[in-house]
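Chemist: Have a look at this one before I ask anything.
Nothing in this text is a laboratory measurement; each read-out follows from the coordinates by a stated rule. All values reported here derive from a predicted model rather than from experimental measurement. Backbone-built Cβ (ideal geometry, glycine too); neighbour counts: all protein chains shown.
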Amino acid sequence: KNLKMHFPIYSGVLRSRTGEVKAVDDISFDVFEGETLGLVGESGCGKSTCGRAVLRLYDITEGTVTIDGIEIGTMDQQTLRGYRPMMQMVFQDPQASLNPRMTVARIISEPLEEHTDLSDVDKLARVHELMDAVGLNRDFANRYPHEFSGGQRQRIGIARALALNPKFIVCDEPIAALDVSIQAQVVNLLEELQDKLGLTYLFISHDLSMVRHIADRVAVMYLGKVVELAPRDALYATPKHPYTEALLSAVPDPDPSVENRKERVILTGDVPSPSNPPQGCNFCTRCPKVMEICKTVDPTTVELAPGHFTACHLYTQTTTMTADNTVAQE
Ligand code: SF4
Ligand code: MG
């Protein structure tokens, strides 16, 4: 709720503080038990930072993070340790996230080492169980990451994330580094594990086709803010925010019948820097539907249909500009 992640910028010889990057700027959302919430947006929009903040891999600047009714946003690292097992992360690049000098068995058992008092025999039994669960041959437990393919390496990463029976997993672009032919296998595995183990996912991706396949609901981020959040089908069929429309218009339609064919929206201009976001709506410098009010007033989030939220002045019809240029809400 109202999550902010602002990072200071230092510059000059004296490295004095000259500004801040608003990587995540006051965003709120729920992830319901057993669902997959897709978090989409272009690179640099703050979605990875958001995923890491939710897991408290960073100290958050402002806001709260509640998991299972427990407020972890402000918890000190010592206390947080006790809650670590329930929330885990699957990283984008399995190559970079696996220690090349460790055997697969060591990698997968690392969290067990850190958080349990299991005997070596029990740890190895658990490693074998996890390797079975992710479809890795347990005879390979003594091998090193480089002896596996990219897809298999991501399976190792997933096994490690599952070691402590988490409830909630942040998957940060889990397939982006994989060959297209392997991507579907890994996504299918994640779905299978979700069903079997009752997992809840925050699935971060820039791949809107993949998110359409895996997510129950989708949140769209632009420049540190969630601009639209909706049930999957509603978002893809009737996007409301001009940015979502533009993103979706670039995705090939699986059923391109003439009447619902989307017109391709080409966005011009660059994404502004999160250290210097525009006044008013963050999207106003690129929005094809920009209005005067957008350049001065940050739109509030409104619920247009049950569970379908967006932050855009096109839908805040009761907002009017008064003569002295301040805004009156009726
Ligand atoms: Fe575009 Fe204005 Fe809506 Fe922002 S508030 S998305 S600039 S129409
Ligand atoms: Mg990222």
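Chemist: Which of the chymotrypsin sites (Phe, Trp or Tyr not before Pro) found in the range 15-89 are loop residues per DSSP with 13 or fewer other Cβ atoms within 10 Å of their Cβ?
Modeler: Here the chymotrypsin sites (Phe, Trp or Tyr not before Pro) that fit, given the DSSP loop and packing criteria, are Phe32.
Chemist: In addition: Quick one: among Arg160, Arg138, Arg232, which has the greatest mean-square fluctuation in a GNM of the chain with alpha-carbon springs under 10 angstrom?
Modeler: So, out of Arg160, Arg138, Arg232, the one fluctuating most is Arg138.
Chemist: So, one more: Compute the long axis of helix 180-197 from its Cα atoms, compare it with the longest principal axis of the Cα atoms of the chain, and write down the angle in degrees, 0 to 90, nearest 10.
Modeler: Helix 180-197 sits at roughly 80 degrees to that axis.
Chemist: A follow-up question, please. Relative to the longest principal axis of the chain, what angle (0 to 90°, nearest 10) does the C-alpha long axis of helix 150-162 take?
Modeler: It is inclined by approximately 90 degrees.
Chemist: Another question about this same structure. For Tyr58 paired with Arg138, estimate the spin-label separation in nm (one decimal), with each label point 7 Å from Cα along the Cα-to-Cβ line.
Modeler: 4.0
Chemist: Place a +1 charge on the Cβ of each Lys and Arg in the chain and a -1 charge on the Cβ of each Asp and Glu, then give the dipole magnitude about the Cα centre in debye, rounded to the nearest 20.
Modeler: So the magnitude is around 700 debye.
Chemist: Under the definition of Cα pairs under 8 Å and six or more residues apart, what whole-number percent is the relative contact order of the chain?
Modeler: 19
Chemist: Would you please give the FRET efficiency between Thr296 and Asp26, computed as 1/(1 + (r/R0)^6) with r the Cβ-Cβ distance and R0 = 22 Å, to the nearest 0.05?
Modeler: 0.80
Chemist: Based on DSSP, what percent of beta bridges with both residues in the chain are antiparallel, to the nearest 5?
Modeler: Once the DSSP bridges in the chain are tallied, antiparallel ones form about 60 percent.
Chemist: Can you give me the relative contact order of the range 30-73 as a percent, contacts being Cα pairs under 8 Å and 6 or more apart?
Modeler: This gives 21 percent for the range 30-73.
Chemist: Output the 0 to 90 degree angle, nearest 10, between the alpha-carbon long axis of helix 120-133 and the longest principal axis computed from the alpha carbons of the chain.
Modeler: In the chain, helix 120-133 runs at an angle near 50 degrees to the longest axis.
Chemist: Evaluate the relative contact order of the range 31-215 (contact order divided by residue number), counting alpha-carbon pairs under 8 angstrom at least 6 apart; express in whole percent.
Modeler: It comes to 35 percent, rounded to a whole number.
Chemist: Another question, if that's okay. Anyone know which of Cys171, Cys294, Cys45 comes out most mobile in the 10 Å Cα GNM of the chain?
Modeler: Cys294
Chemist: Report the gain in length on full extension from Ile182 to Lys196: 0.36 nm times residue separation, minus Cα-Cα distance, nm rounded to one decimal.
Modeler: Length difference between fully extended and current span is 2.9 nm.
Chemist: Starting from the eigenvalues of the Cα gyration tensor, five times each then square-rooted, give me the equivalent ellipsoid semi-axes of the range 31-215, largest first, whole Å.
Modeler: 25, 21, 15
Chemist: Between beta-carbons, use under 14 Å as the cut-off and find the net charge around Ala230, counting Lys and Arg +1, Asp and Glu -1.
Modeler: -3
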